[in-house]
Amino acid sequence: ATHSGYHYSCVLYFNSQGEDFEGGDFVFNDPADDATASSATEEEEEEEASGDYDALVEKIRHAGRKLTPFHPKRGSAVIFSSGWENMHEVDKITSGTRYTVPCFFTTCPVPEAAYEQMVVGKPKTDEDIADDWLHLLLAHRDETPLESTGRVKELLMKWHYMCSPLHMH
């Protein structure tokens, strides 16, 4: 990693819940206020009485919490600040495969030494920026998984250069 912490996080979705996989909701997990706190339903009380250990664990884990699910769809993203204020979890995937890319952003500059590890380095012209967008986002060539990982890492490290005019750096 190039930084010890990140300011923003994002999850990009490449397929859709209900079409390509089941389960897998992204769920924000916030403290409940008194209005959203709830007591056990009859069904929950029956599950507890029947000795359903997993249901009891979930009940305890979510006690006093307000859960806000996001149902993933192809092409969507969840973007949020990376602090304690955005605790989250992902529900168990019950079938299929969920394809996502997690991204982490900082407002701090990338250390100069990190650019030496990149295929191209810092962009020097607007044309370099356009070439980076094309290469890093669209990769019109066969890649090994390692090359693909390096390309995504380079994109995440260079995004602030690619999204603002060069004279601002």
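The values are calculated or read from the model by the stated rules, or taken from the named source; none is laboratory data. Small disclaimer: the values here were computed from a predicted structure and weren't measured. With ideal geometry, Cβ positions are generated from the backbone for all residues, glycine too; neighbour counts draw on all protein chains shown. The area values use the complete protein model at the heavy-atom level, side chains included, leaving out ligands, DNA and RNA. Shrake-Rupley method; radii C 1.70, N 1.55, O 1.52, S 1.80 Å.
Remarks
- The range 67-86 - residue that is open to solvent by 100 Å² or more (accessible area, probe 1.4 Å) and of a type in the set (A, V, I, L, M, F, W, C) and, of those, nearest to Ser16 (Cα to Cα): Ile79
- Matching residues, the range 138-149, being under 14 Å from Val101 (Cβ atoms) and at pLDDT 75 or above: Pro145, Ser148, Thr149
- Search result, residues across the range 87-125 that are open to solvent by less than 60 Å² (accessible area, probe 1.4 Å) and under 12 Å from the mean Cα position of the chain (by Cα): Glu89, Thr100, Val101, Cys103, Phe105
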